[in-house]
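Engineer: Quick one: the structure is below, and I'll ask about it shortly.
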Amino acid sequence: MLRPHAALASSAVLGSLLGLCQGWPWGWLPAQLLLALQLALLFAPGVGAGAAALRAAAFGAAMALAGYAGFLSDLPGAAPGTLLLAGAGLVAVHALLLAACAALAVRLPASPAVHALLAWPALWCLHEALLAQGPLAMPWLRLGQLQAPYGPWAAALPLGGTLLAGLLMWWTAALLWRAVGQPAERRRALLAGLALLAVVNGLGRLTWTQASGELAAVLLQPGAAPEAADEAGTQQRMAALMSAAEAARSQLLVSPQLALRKTASALPDDYLRQLAHALDRRDSDLLLGLYVAQGDGRLQNAVLSLGSSGPQRYLKRQLFPFGEFLPAQGALRDWLAGGQPRQDTARGPADAEPLWLGGHRASLSVCFELAFPGLWRQEAATSEVLVNLSSAAAHPGALLQRQFDQQAAARALEFQKPLLHATDIGGAFALDAAGHTVARLARDATASLPVTLQARRGLTPFARVGDALALSLAVAGLVLAWLSQAGAAAQPRLRLQAQRGQVLMAGVALILMSAGLLYYMVNSGQAVTEKMRVTNAADAAAYSAGVVEARALNYDAYLNRAMVANQIAIAQMVSVGSWVRYFANAVDEVPASGTDIFFMMSPSLEGYKILAIFAATKVVLEYYTGQSANYYADYVLQYGIGPIIAVHDAVVGAMAASQGAVHANLIAGVRQKQIADDVAQAMDPQLKTQVVLASHGFDNFTKSYANNDRGRFADVTMRSRDDFSRERNWTVSAPDIPLFKKNGEMKKRAGTELVGYDEWRGMDTLELHGERFGCGKLGLSWCGDIQKPLGWAAVNIPKNNCSGSGSGSSANGYHGNAYGENRRTANKAEGEMEQPGYYCFSGLPAVRELRNVAPDAELSTGITLFVTKDHAQLRTSGGAAQAKPSGQLALFDDKPAGAKLAALARAQVFFDRISPRADGRTEIASLYNPYWRVRLVAPTAADRAWAAAQQGGLALP
């Protein structure tokens with residue numbers, strides 16, 4: 001038997017070794033032996049309550065010193081004294097709590113075996129749970145996390161978390177101690193341990209979650225963040241983030257904690273908007289760590305989500321004591337701050353919801369919040385991936401980083417969901433649902449880590465009830481230890497005995513506790529399952545309703561493009577008619593003006609060729625057909641062009657009417673609600689949906705542009721003309737002959753224009769130009785331009801009602817600059833303007849376009865669905881369950897606010913050209929290209945207020 005001082009020193013050594021085991025993948029193995037040795041020191045025969053308390057205090061203090069060494073070895077220069085004082089206080093808390101636990105365990109009226117097997121593990125579990133409570137909580141050294149990811153009790157993590165795994169480690173240590181110290185009980189102790197191991201692993205190895213698609217992510221490790229005053233470093237970091245966003249190929253980018261040590265308002269104007277736009281174009285999201293300013297001037301450690309899923313944010317809730325805030329006021333605060341002014345970081349709201357990122361729900365934590373499984377259990381239960389943003393620059397030690405790794409593996413195992421850990425210099429990594437490393441960056445590397453993970457949805461038992469299972473077992477152990485009447489001095493053997501009276505009462509109590517726990521677990525699980533069903537139905541319904549609206553906008557775009565194409569076809573018919581008439585007139589006029597042409601165009605072969613073509617055409621037509629060219633032109637204009645124009649005009653009218661019918665069907669979200677009902681009730685017939693009209697902007701997102709508002713459609717149509725319709729120009733020039741002629745040209749100027757909004761007009765002119773020598777009083781100056789018309793035509797189709805010709809506009813078109821260069825011929829053509837026969841033309845149609853067409857407008861719309869299920873229909877004991885307790889046994893209150901379980905989901909319809917333009921320019925949203933898509937985003941504040949009012953409150957429960 002060791003002397004008191006030696007036993008005290010041995011406890012300290014065992015505690016320090018246990019603290020050093022934290023963070024090592026195989027640290028559970030030496031830790032298990034250390035626990036057994038410590039039990040031998042605490043509950044050896046003859047050890048009283050005082051001696052056990054001292055040994056437990058030494059064990060706890062040494063464990064805390066070694067386990068927190070990563071915090072204490074690399075202190076920041078700002079306030080090392082304050083943190084050392086806080087660390088000393090934390091070590092003292094561990095020592096005092098464990099001393100009290102040991103003294104209480106020994107004082108229980110039971111044998112040392114019961115103390116070691118029941119009382120001490122239970123009190124240890126309660127002490128670990130206590131360390132996780134309150135703003136000063138620090139559950140950093142939980143024993144059970146040593147099992148992640150390869151320990152034999154790692155299977156207990158999805159069942160009851162680290163508290164349950166810690167209980168199992170102490171029970172294993174007690175059985176090991178009894179097996180070594182009592183040879184007669186060795187077999188029973190080993191069999192009990194193996195049976196316990198088999199049961200826990202059989203349950204824990206079950207797959208509680210299901211795959212829900214892949215998530216491609218990139219973890220950004222940019223190095224230590226520049227200080228807020230370092231403008232050059234901040235600009236460099238901002239440029240790196242922008243480059244990463246513009247080159248994004250993944251669904252999600254994750255930056256470290258406080259990647260920018262500034263508030264959003266302190267960043268350059270439009271930086272975040274440009275960053276979000278770049279991400280939106282790549283269909284990606286970015287988690288950006290920075291500060292958010294409160295109204296009272298305090299800052300919050302925040303994570304902003306930017307990109308295709310819309311703006312969202314997470315605010316850090318569990319602050320690092322003495323680092324992010326000082327838990328003191330007045331003179332004590334001034335002393336702790338070293339006389340320097342210091343502002344505490346503001347705490348985020350207690351409840352947080354998962355963020356929608358890259359098509360999946362993600363649960364966030366910041367830095368040492370990773371150590372609090374209960375903090376994010378509620379949102380992690382409904383998420384598909386876990387994300388932790390951290391910073392290792394303040395504590396770069398390897399020991400602390402190993403502990404981060406192990407805690408991350410424990411969280412992944414507890415929820416059976418993948419985990420992403422982004423840090424500045426500590427080595428970013430990704431874990432799968434089993435806590436195994438998928439990919440990792442080297443420490444201190446400045447790089448990015450691409451990774452593809454299998455997202456998962458579903459609930460583990462720990463996600464359903466948290467630490468309730470472990471705490472219930474701890475309380476049951478204390479009760480059984482208290483009821484045990486074995487003599488403290490005796491050395492009991494672990495053997496099966498017949499039950500006696502007092503044990504029966506303990507068994508009844510344990511059965512009642514187990515039944516209550518089972519009742520609570522079943523109800524909690526059913527309530528969470530119902531909530532997930534309602535949430536998933538709301539997401540699916542909102543997305544489906546958004547798809548309908550996106551398809552309506554794309555339908556508008558297709559119809560607008562089709563109407564433009566039909567207008568271009570009409571313009572082409574007018575162009576053909578004008579050209580045919582021009583050619584016919586030229587066939588008659590060019591040969592008649594042969595002398596002037598020969599004179600002005602000599603010695604140009606091109607001019608002679610044109611004269612020969614028109615002359616030959618005239619001869620051929622009259623010789624072989626006996627008809628002139630104008631005879632055939634009359635036929636084309638009278639019977640050929642008009643009916644074709646009428647058909648295209650009818651098609652345009654039908655398309656315009658179709659646009660109106662589609663939007664009339666979607667007014668006030670009536671049709672969207674029908675579709676949402678179909679989707680939601682396919683998942684659960686008891687679900688009801690409502691469209692939140694207060695934030696539904698689809699009705700006012702577009703409007704019909706008619707009458708004088710058709711300028712945008714007219715401009716698009718004019719820009720879309722083919723080359724033949726736009727301009728039919730050519731020029732043939734002849735060389736000058738000194739003192740004889742100069743500037744001899746044949747100019748063809750023609751084009752088809754939209755005059756106003758209700759008339760297409762085509763004009764073709766061919767005019768001979770040139771100057772002769774020999775004018776003036778003495779015949780020694782140049783004569784003026786001869787401007788001789790050689791060919792001309794003008795055809796228009798003003799708006800009519802299919803009952804004859806229409807009344808054209810008095811305005812002139814450009815027509816290839818015919819009025820500017822061939823003015824005499826253009827005026828002649830205008831004077832002989834014709835209209836085709838048997839045509840119908842309604843002018844430009846009324847078309848659908850965005851109501852706000854400003855280039856800098858926020859061009860997106862959205863629809864929010866409120867999905868509910870009545871409390872009476874819930875599959876819980878308070879709802880539709882057939883077997884349920886009543887009266888005083890109905891202890892589980894599962895009645896939600898407003899007597900209905902509700903979920904909000906919002907779909908955003910936005911414009912996104914997936915493939916980049918060939919000219920590299922960014923395309924602005926419009927209803928001329930069918931690039932409207934839909935995505936799920938966070939509901940607006942107005943949506944939340946409306947939903948809260950439906951559930952009888954001013955805020956959502």
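Here, each number is a calculation from the coordinates, and none is a lab measurement. Small disclaimer: the values here were computed from a predicted structure and weren't measured. Cβ placement follows ideal geometry from the backbone for every residue including glycine, while neighbour counts extend to all protein chains displayed.
Engineer: For segment 528-593 and segment 717-782, what is the separation of their Cα centres, given in Å?
Structural biologist: 35
Engineer: Just round it to a whole percent: the fraction of Cα-Cα distances in segment 4-206 exceeding 23 Å.
Structural biologist: More than 23 Å apart: 43 percent of the Cα pairs in segment 4-206.
Engineer: Run the numbers for Arg443 and Arg107: contour at 0.36 nm per residue of separation, minus the present Cα-Cα distance, in nm.
Structural biologist: Going from the current span to full extension adds 116.0 nm.
Engineer: While we're on this one: Can you give the calculated 222 nm mean residue ellipticity of the chain, where each DSSP H run of n ≥ 4 adds -39,500 (n - 2.57) and the sum is split over every residue, rounded to the nearest 500 deg cm²/dmol?
Structural biologist: After summing the helix terms and dividing by the residues of the chain, the value is -14500 deg cm²/dmol.
Engineer: Can you give me the distance in nm between label points at Arg3 and Asp919, each placed 7 Å from the Cα along the Cα-to-Cβ direction?
Structural biologist: Going from the Arg3 label point to the Asp919 one covers 9.4 nm.
Engineer: Farthest toward the dipole's positive end in segment 4-206, which of Pro45, Leu157, Phe71, given Cβ charges of +1 (Lys, Arg) and -1 (Asp, Glu) about the Cα centre?
Structural biologist: Of the options given, the answer is Pro45.
Engineer: While we're on this one: Taking N as the number of residues in segment 275-386, what is its alpha-carbon radius of gyration divided by 2.2 N^0.38 Å?
Structural biologist: Segment 275-386 yields a ratio of 1.26.
Engineer: I'd like to compare 795-805, 732-742, 142-152, 11-21: which one has the highest average count of other Cβ atoms within 10 Å, and what's the full order after that?
Structural biologist: Listed from highest to lowest mean packing, they are 142-152, 11-21, 795-805, 732-742.
Engineer: Could you give the nm distance between label points at Trp730 and Thr625, where each point is 7 Å from its Cα heading toward the beta carbon?
Structural biologist: About 2.0 nm separates the two model spin labels.
Engineer: Relative to the longest principal Cα axis of the chain, at what angle does helix 28-42 sit, 0 to 90 degrees, rounded to 10?
Structural biologist: Rounded to the nearest ten degrees, it is 30.
Engineer: Excluding residues fewer than 8 places away in the same chain, name every one of the lysines whose C-alpha is closer than 23 Å to that of Lys777.
Structural biologist: The reachable lysines, counting only those whose Cα sits under 23 Å from Lys777, are Lys741, Lys742.
Engineer: Here's something else I'd like to know. Just to confirm the number: angle between the C-alpha axis of helix 398-415 and the first principal axis of the chain, 0 to 90 degrees, nearest 10?
Structural biologist: So the inclination is approximately 80 degrees.
Engineer: Roughly how tilted is helix 641-665, in degrees to the nearest 10 and between 0 and 90, from the longest Cα axis of the chain?
Structural biologist: 20
Engineer: Moving to a separate point now. In terms of the ratio Rg/(2.2 N^0.38 Å) built on C-alpha atoms, what value belongs to segment 209-459?
Structural biologist: Segment 209-459 yields a ratio of 0.98.
Engineer: Across 10 Å bins from 0, what is the distribution of all Cα-Cα pair distances for segment 420-474, in whole percents?
Structural biologist: 21, 33, 24, 19, 3
Engineer: Could you pull out every Cys in the chain that lacks a partner Cys with its beta carbon under 4.7 Å away?
Structural biologist: Cys21, Cys101, Cys125, Cys367
Engineer: Next question. Report the percentage of all Cα-Cα pairs in segment 606-665 whose separation exceeds 17 Å, rounded to a whole percent.
Structural biologist: Tail of the P(r) past 17 Å holds 65 percent of the pairs.
Engineer: Which option, [x] 57.5; [y] 42.9; [z] 47.3, is the value of mean projected area of the Cα convex hull in nm² that was calculated from these coordinates?
Structural biologist: Evaluating mean projected area of the Cα convex hull in nm² on these atoms matches [x].
Engineer: Something else about it: Just order 752-759, 103-110, 413-420 by mean Cβ neighbour count inside 10 Å, highest at the front, would you?
Structural biologist: 413-420, 752-759, 103-110
Engineer: Same structure, new question: Rg and Dmax in Å for segment 661-799, alpha carbons only: what are they?
Structural biologist: That works out to 31.2, 106 Å for Rg and Dmax.
Engineer: Give me the distance in nm between label points sitting 7 Å out from Cα along the Cα-to-Cβ direction at Leu96 and Ala854, one decimal.
Structural biologist: Between Leu96 and Ala854, the label points sit 6.2 nm apart.
Engineer: Follow-up question, since we're still on this one. Could you tell me the distance between the Cα centroids of segment 1-35 and segment 367-414, to the nearest Å?
Structural biologist: Using only Cα atoms, the two centres lie 26 Å from each other.
Engineer: Here's another thing I want to ask about it. Ordered by packing density, taken as the mean number of other Cβ atoms within 10 Å over each peptide's residues, highest first, how do 25-36, 261-272, 387-398 rank?
Structural biologist: Going from most to least packed, we get 387-398, 25-36, 261-272.
Engineer: Here's another thing I want to ask about it. How many angstrom lie between the C-alpha centres of segment 191-251 and segment 786-841?
Structural biologist: The distance from the Cα centre of segment 191-251 to that of segment 786-841 comes to 70 Å.
Engineer: Oh, and also: In this model, which of Lys417/Lys900; Lys609/Lys748; Lys747/Lys788 are farther than 20 Å apart at the alpha-carbon?
Structural biologist: Long pairs (Cα-Cα over 20 Å): Lys417/Lys900.
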